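Taking it in order: structure first as C-alpha cells, then the write-up.
The values are calculated or read from the model by the stated rules, or taken from the named source; none is laboratory data. Keep in mind the model is a prediction, meaning the values are calculated, not measured. So basically every Cβ, Gly included, is an ideal-geometry build from the backbone, and we count neighbours across all protein chains shown. For accessibility, only protein heavy atoms count, side chains too; no ligands or nucleic acids. Shrake-Rupley method; radii C 1.70, N 1.55, O 1.52, S 1.80 Å.
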Protein chains: 2
Amino acid sequence: MCIFCKIINGEIPSQTILEDENFLAFNDINPSKKVHILVIPKEHYDSFDVIPPKIMASMTEFIQKLVSKVGIKNSGYRLITNIGVDGGQEVKHLHFHVLGGEKVGKMVS
Amino acid sequence: MCIFCKIINGEIPSQTILEDENFLAFNDINPSKKVHILVIPKEHYDSFDVIPPKIMASMTEFIQKLVSKVGIKNSGYRLITNIGVDGGQEVKHLHFHVLGGEKVGKMVS
C-alpha cells in the first residue's frame with residue numbers, strides 16, 4: 001500500500017486541513033512555503049495522467065474550498081502536480097501541491 | 001481583451017499544438033524545458049480559482065490527450081497553474097503549464 005493510502009487509512013499520521021468523503025488535504029511534512037498543502041483523492045490513482053475527468057471536477061471544487069478555508073484565496077497560490085519520472089513524481093498517488101501564504105518563486109521547471 | 005483571448009482570436013500568432021472546440025494548447029514563447037506548452041480554455045476565466053468544475057473535467061481530458069500527442073505521457077511531465085499575486089500569475093486567463101521532454105527540476109515554490 002502506498003504512503004498516501006496509509007495516511008488515508010490513518011496508519012500514518014498527518015495534519016488534516018480539510019477532508020470530505022472523497023478527498024483529503026494535509027500539510028506537507030517538508031513545506032517549501034508558509035502554506036504547503038497536499039491534496040489527494042481517497043481512491044488511489046497513480047497520477048493526474050489516469051484520473052477520470054469527473055474526479056478532477058470534484059477535486060477542483062475541493063481545492064477551491066480549501067484555499068478559502070486557509071485564507072489564501074485572495075492572496076493567491078500555485079498549484080503543481082508531478083507525473084512520472086521526468087515530472088519528478090515522488091509518491092505514486094496523485095497529489096496536488098498547493099503553495100502560498102507568501103510569494104512563490106519564479107515558475108521553475 | 002487579454003493576450004490569451006487575442007491568441008484564441010488569432011490576433012496574436014501562436015504555435016498551436018492541439019486544439020478543440022473548447023481548449024487550445026500552444027508553445028510557451030519562453031520555454032523553460034524542451035516541452036513547455038500552455039493550455040487554456042477558449043472561454044475566459046481569470047484563473048483556476050474561478051473555473052467551473054465541469055470545465056476542469058474537460059480540460060483534464062484535453063491535457064491527457066495532449067501529452068500523448070506530444071509523446072511525454074510515458075516519460076512524465078509537470079503541470080503548474082499560478083493563481084493571483086502570491087502565485088506569480090502573469091496573464092489573468094487560466095493557463096496550465098505543461099513541462100517535460102526532459103527531467104524537470106526539484107519542485108520549487
Under a 1.4 Å probe, what is the accessible area of chain B per residue, stated in Å²? 47 Å²
Summed buried accessible area for A+B [probe radius 1.4 Å, Å², rounded to 100]: 3600 Å²
Between copies, how close do the B:HIS44 label points come, placed 7 Å along Cα→Cβ, listed in nm from shortest? 4.5
State, to one decimal in nm and shortest first, how far the label point of A:GLY71 sits from each corresponding label point in the other identical copies (label point: 7 angstrom along Cα-to-Cβ). 5.0
May I ask you to rank B:ASP20, B:ASP28 by accessible area, largest first, using a 1.4 Å probe over the protein chains only? B:ASP20, B:ASP28
Let me have the relative contact order for chain B, percent, based on Cα pairs under 8 Å that are six or more residues apart. 31 percent
In a shell of Cβ-Cβ distance under 15 Å around A:THR16, excluding A:THR16 itself, what net charge do Lys and Arg (+1) and Asp and Glu (-1) give? -1
Please work out whether chain A counts as rounded, prolate or oblate from its C-alpha gyration tensor, where a ≥ b ≥ c are the square roots of the eigenvalues and a/c under 1.5 means rounded, while otherwise a/b larger than b/c means prolate and anything else oblate? rounded
Place the label 7 angstrom along Cα→C-beta at A:CYS2 and in each other copy, then list the distances from the first to the rest in nm, shortest first. 3.1
Pairs to check: A:LYS42/B:LYS34; B:LYS54/B:LYS92; A:LYS34/B:LYS65; A:LYS65/A:LYS106. Give those whose C-alpha atoms are more than 29 Å from each other in this structure. A:LYS42/B:LYS34; A:LYS34/B:LYS65
How much of the accessible area of chain A, in percent, comes from carbon and sulfur atoms when a 1.4 Å probe is used? 50 percent
Mean other chain Cβ within 10 Å across A:68-79 is 5
Top positive-direction residue, dipole computed over chain B with Cβ charges, set B:ILE17, B:PHE4, B:ILE40: B:ILE17
Across the residues of A:54-63, average count of Cβ atoms on other protein chains within 10 Å? 5
